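As structure tokens, the structure follows; a few thoughts come after it.
The values are calculated or read from the model by the stated rules, or taken from the named source; none is laboratory data. The structure displayed is predicted, hence computed values, not measured ones. Neighbour counts are summed over all protein chains in view; Cβ atoms, including those assigned to glycine, are modelled from backbone coordinates with ideal geometry. To get the accessible areas, we keep the full protein, side chains included, count just its heavy atoms, and leave off ligands, DNA and RNA. Shrake-Rupley method; radii C 1.70, N 1.55, O 1.52, S 1.80 Å.
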Amino acid sequence: MTPRALNFGAGPSALPEAVLREAGEALLDFQGTGMGIAEISHRSKEFKNYIQGVESDIRKLLKVPESHVILFTQGGGCAQFSAVVLNMLAAHHDQHPALTSEQRSTDYIVTGSWSDKAAKEAKRLGGAKVNVIVDSRKFSEQGKFDNIPSHKNDTYKFSENPVLIYYCANETVDGVEFAREEDKETSFPFHLLPKNPPLVGDYSSSFMSHPIPHLADHAIIYAGAQKNLGPAGLTVLIVRKDCIVDVDKAARNGAIPIPLCTAYSTLANHQSLYNTPPVLSIYISGLVLKRMIQEFGEGAMEKYAQLSANKSKMVYDALEQGVQRQVFRKKVKEGSGSQMNVVFDVIGEGKLDKFIAGAEARNMKGLRGHRSVGGARVSLYNAITESNVQALVDYMMEFVEANSNVIH
């Protein structure tokens, strides 16, 4: 059998080998039914019980309050660019039926490629004015997504009674992330939000790797599973109950009609089983959650947060040495770097290809940066162990020694 690669790709990500082996067995027989998990009906009692367990484990690990429901759907984060706008517009129409589209607004904090795409989708859909209240490119000397703007300089000014306030916690393409320590000026400005904020957070690439700060203050949190939780195909939603409304009534009040399969009320009323959900992705995600709890108990999020911090420090320390030796170049300002996706350039013509080839010769895969920005990118999701990271760091330092003209 070909040795397992060290998968540092940005997604779909590495999964624990033990989980993959257990899932392989379930492809032949799920819970003694004589049918594989990819064959069994999503309406069978076995799968209904299983999906309820997945919901329960997410609720326990993230400490999701009863004010919020957990839903499972398809379409990835990109589908939610549309769904969050349509559902929050419906809720806003339900609360304020007399307002016109010109009197409604959505607030977007744009710090990278994904939040930029989300804001553009909101403009395409209409139904409310789109206010980009922060665009981090305006705080960059190169006009790039290379920073998280400080909240100490009167930067964030939210609209009065907005339909939603949108942010992406971690930008996988650009390698920037809101600081996880709330005392840092690049943390998300929760303290500046209005009361009962219609806050929408895209947590796709850091979901289940750390506790979500101020979770109860969010209207919606969503995440694609294919980073820290499971395979591609599953999107997890955490939605505050007061944001789930009768979308047909809202449409009669002037809201944009919502396709049933993207209406949160449809998902909630049918326990995420209105149509066939991504059964296999849900099953494997459930195995990952069980493994988290078995290893670290219900405090697993705090443990994974510490592991995430440790792994990213190892890579950033190696990157810094490469910068000093003029082999690597940082792409993100200090204090804005992602713990999940470390991005950098390799200096010199042909040197990036050389770095990637050397990594692949050592069975390290997925290190090339996103096609839109180039460079290198190291993704450090939960299934990547500290020993995996040490192997990469050893290679990075070997590459620095072989390619530096600076005397150490």
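When each of 255, 300 is tested for being in a helix (DSSP H, G or I), surrounded by 15 or more Cβ atoms within 10 Å (Cβ to Cβ) and on the phi < 0 side of the Ramachandran plot, the lone residue that passes is 300. Screening residue 104 against (1) closer than 30 Å to residue 337 by Cβ; (2) of a type in the set (Lys, Arg); (3) open to solvent by less than 30 Å² (accessible area, probe 1.4 Å) leaves a single unmet condition, (1). Only residues that are surrounded by 17 or more Cβ atoms within 10 Å (Cβ to Cβ), in contact with a strand residue (DSSP E or B) (Cβ under 8 Å, 6 or more places away or on another chain) and free of Cβ contacts under 8 Å to residues at least 40 places away in the same chain were counted in the range 138-159, giving 3.
Scanning the range 303-317 for residues that are farther than 18 Å from residue 176 by Cα and open to solvent by less than 80 Å² (accessible area, probe 1.4 Å) yields 304, 307.
Here is a yes/no grid of residues against (1) outside the structural domain of residue 151 (by the TED database); (2) farther than 30 Å from residue 371 by Cα; (3) touching a helix residue (DSSP H, G or I) at 6+ places or on another chain (Cβ under 8 Å):
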site	(1), (2), (3)
30	no, yes, yes
36	no, yes, yes
63	no, yes, yes
77	no, no, yes
82	no, no, yes
91	no, yes, yes
95	no, yes, no
116	no, no, no
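From the list 229, 237, the one residue that fits, being farther than 24 Å from residue 331 by Cβ, open to solvent by less than 10 Å² (accessible area, probe 1.4 Å) and either assigned to a strand (DSSP E or B) or free of Cβ contacts under 8 Å to residues at least 60 places away in the same chain (or both), is 237. Whether a residue is among the small types (Gly, Ala, Ser) and either within 25 Å of residue 181 (Cβ to Cβ) or assigned by the TED database to the domain that holds residue 188 (or both) was assessed, and residue 372 does not pass this test. With respect to (1) out of contact with any Asp or Glu (no Cβ under 6 Å at 6 or more places or on another chain); (2) closer than 15 Å to residue 194 by Cβ; (3) surrounded by 19 or more Cβ atoms within 10 Å (Cβ to Cβ), the lone exception for residue 95 is condition (3).
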